[in-house]
1. Do you know which residues across segment 583-617 are near the ligand (Cβ under 10 Å from one of its atoms), without any contact (Cβ under 8 Å) to a residue 40 or more places away in the chain and under 41 Å from the mean Cα position of the chain (by Cα)?
2. Run down K583, K608 and say which single residue is closer than 18 Å to E546 by Cβ and of a type outside the set (F, W, Y).
3. Can L16 be described as at pLDDT below 85 and touching a Leu at 6+ places or on another chain (Cβ under 7 Å)?
4. Looking at segment 604-617, which of its residues are farther than 24 Å from K559 by Cα and surrounded by 14 or more Cβ atoms within 10 Å (Cβ to Cβ)?
5. Please determine whether any residue of segment 283-295 is in a helix (DSSP H, G or I) and charged (D, E, K, R).
6. Could you pull out the residue among A320, A279 that is at pLDDT below 95, closer than 29 Å to N477 by Cα and under 34 Å from the mean Cα position of the chain (by Cα)?
7. Based on what the data block shows, is H80 within 21 Å of the chain's Cα centre (by Cα) and in contact (Cβ under 8 Å) with a residue 40 or more places away in the chain?
Amino acid sequence: MSLAATAQHNVKVYDLLNELKYATQDTAKADIMLNLAKAYFPTDVDKAISKAELALMIAQNHQDKIRTFDALIILIEGYHKKQALPTAAKYLSQLQSIKNAISDPMRRAQSYGIEGKVFLALQDFEKAHNAFKAQLDIYERNTQSANNIDIANTYFELGELNYLQGAFYDAIAFYNKALNVPNTSDDVQRRIETLNALGRTYFQVKDYNRALQYSSDAQYLSESISDKALVANIYINVANALFALGRNAETIDKLTSAESLAESVNDNQLLAKAKLLHAKVIYANGDINTALSLSNESLAVARTTNKKVIIKDIYEFLYALYDSKNDVSNAHLYLKELVSIRDSLNSEEQAKQVNINKIRFETEATEAENQRLLAQQLENQVTIQRQKASNYILLALLLLVGAGGYSLYQNLNRKKAYNRQLEDEVKKRTEQLEASNEDMARANKLLEQSNAELERFAYIASHDLKSPLRNIISFLNLIERKLRNVHIGNDIREYLRFATENAWQMNTLIQDVLEFSRIDSETLEQKREKVDLNDTLVLAIQNLQESIRESGAEIIAAKLPIIEANSVHFLQLFQNIIGNGIKYNQQAQPKVEINYQLLNSTHIITIKDNGIGIDPQYHEQIFEMFKRLHTRDEYKGTGIGLAICKKIIQNLGGKIWIESDINQGSTFFISIPSENTQEVALAA
Ligand code: ADP
């Protein structure tokens, strides 16, 4: 905030506090609290929160929906800014339970906006996207009252949303929309942030010239603002782009400015970042020793901040520096540090993810409860109205029938009793039916959950195994290098080679398990497209070029169809089966033949080889995970390829099987329904 703005803010707060002294009515007090909260936000978030909490209490006491709403908005904004997500989510649920009672469109837009922000923080991108879209929708329908700065804000958030998902070009489009909303030049801070965001996004897509242009624009505008940390951040972005363009001298200039700015506001995180990049530039200039001392400075500063991500980057660079100097013992030291900090970052990330999932789950539960209550309320209203109407009719009837109606009345009573009996019966049956339906749904849900959990487990386990394994391989390389000029027995070298070989084998295994768990039907639904299998086959054959050349194999292919599927999956499938046909083959010239037929609306693809064949007793088993019929010395492999193929075909509602005998070659059959592929897959 500039000096003038600070002064203005202080006067406003002072006035409000004064007003509070003389306020007697609760509503007036709540209003003053709300205005105070707004005045404190965002410079003093804690104070803003405490005032909004008081306002909330008063408003809730009076069942005052509008003020409750306004207080909740500030509370969610505040806790979101403080990154206290559980509390923000708690207040968001309260907001969602009352927002339907609010008719003012601008308030509704506001609630969608804050909803979007919280969901974005919870990484629930779909919900965040829907919320921001709903907000824009309201602005479009109410152009009179909509504020341009708010609209630009929403576009900016949509940009952030896409950026976080890695959809960089969409992010760029939204940031540009934010910039182009007319009459928003008052909001300089947002403009700078948007230009800066554009700069870093173009950097991500490696368009360094544009990255430089936007970051420089941001820098130019930022000279007028007092948020020095933001300015330093922008300098670093400019430097990043310059460095990528090979303009090293200018990079160093920008970094020096960034460093002195960061120092002036005591922002050690930014300082460490700037120094690390500085060291990298100096290293690129060929001066290893200065690069080393700068990296160490950067490390010392970073260690005061506890920002592990930066410390990790520095270790990584120090490891590379010492490694390039052939200083094995220091390289080893930093590699060890790198491994341990990477592990601790991993476990922190996991804990965070667990926490986020928990909040998400709770938010969804309250949301569902709100929906249910709302539906019930509506239903009750309808019933009451209907009852009222029927009461009137009854009254009229009674009047009409008058005295002579006694028998009719008795008749009616009897009928009513009978009706009631009937109703009771129907109700009982319905309840029974509902209960059994619920049981079934619950069992289904449990099954789905446990399946999904299993797949997630396989994914997480293999994903997490990758990083320690990479570390093992790095260490083995280090040991090997350290022993290169030392006289040791051949057996030790042999053990080392064996260990490395096994580590690489494990790497392949993990990679395969990861691939297997990635093929779940959900992602398949999203990535389904029209695939020309002829193109996919050509690509598969290209990828197998090396083994085809080495074995002298002949591949013969008939014309294949275009189907609704996922092209990457089919590429994997062709590669696995054709690769196997060449691998499990002792002929002087291996031969693989691919044929196709459309039979009764079913695509039948066959892949036939002249290889070693498979004993019929194993025809089912070879499609299971890890099932192999040979040792690794005979034929290399992990036993996962065919399991992957089976999953791919099953997800399309199809089947895969084999006809073969020992020494008779093998034919793999694949059948896929040609019509309604999607429905069949869903039903399966
Ligand atoms: P991998 O090839 O990695 O071992 P797969 O799942 O692809 O795993 O295959 C499982 C097993 O089935 C193989 O180990 C091999 O024994 C057998 N097999 C697969 N394809 C063929 C084939 N075309 N001819 C003979 N045996 C095969």
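The values are calculated or read from the model by the stated rules, or taken from the named source; none is laboratory data. Remember, it's a predicted structure, so these values are computed and weren't measured experimentally. As a convention, Cβ positions derive from the backbone with ideal geometry for all residues, glycine included, and neighbour counts pool all protein chains shown.
1. Of everything in segment 583-617, nothing turns out to be near the ligand (Cβ under 10 Å from one of its atoms), without any contact (Cβ under 8 Å) to a residue 40 or more places away in the chain and under 41 Å from the mean Cα position of the chain (by Cα).
2. Values: K608 fails: closer than 18 Å to E546 by Cβ.
Going through K583, K608 in turn, just one is closer than 18 Å to E546 by Cβ and of a type outside the set (F, W, Y): K583.
3. Details: at pLDDT below 85: yes; touching a Leu at 6+ places or on another chain (Cβ under 7 Å): yes.
Yes, satisfied.
4. Result: I612, G613, I614.
5. Checked against the condition, which is being in a helix (DSSP H, G or I) and charged (D, E, K, R), segment 283-295 yields no hits at all.
6. A320
7. yes
Listed here are the residues, each with its yes/no results for (1) over 30 Å from the mean Cα position of the chain (by Cα); (2) at pLDDT below 85; (3) among the polar types (S, T, N, Q).
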site: E494; (1), (2), (3): yes, no, no
site: A499; (1), (2), (3): yes, no, no
site: N502; (1), (2), (3): yes, no, yes
site: Q511; (1), (2), (3): no, yes, yes
site: D520; (1), (2), (3): no, yes, no
site: Q526; (1), (2), (3): no, yes, yes
site: A540; (1), (2), (3): yes, no, no
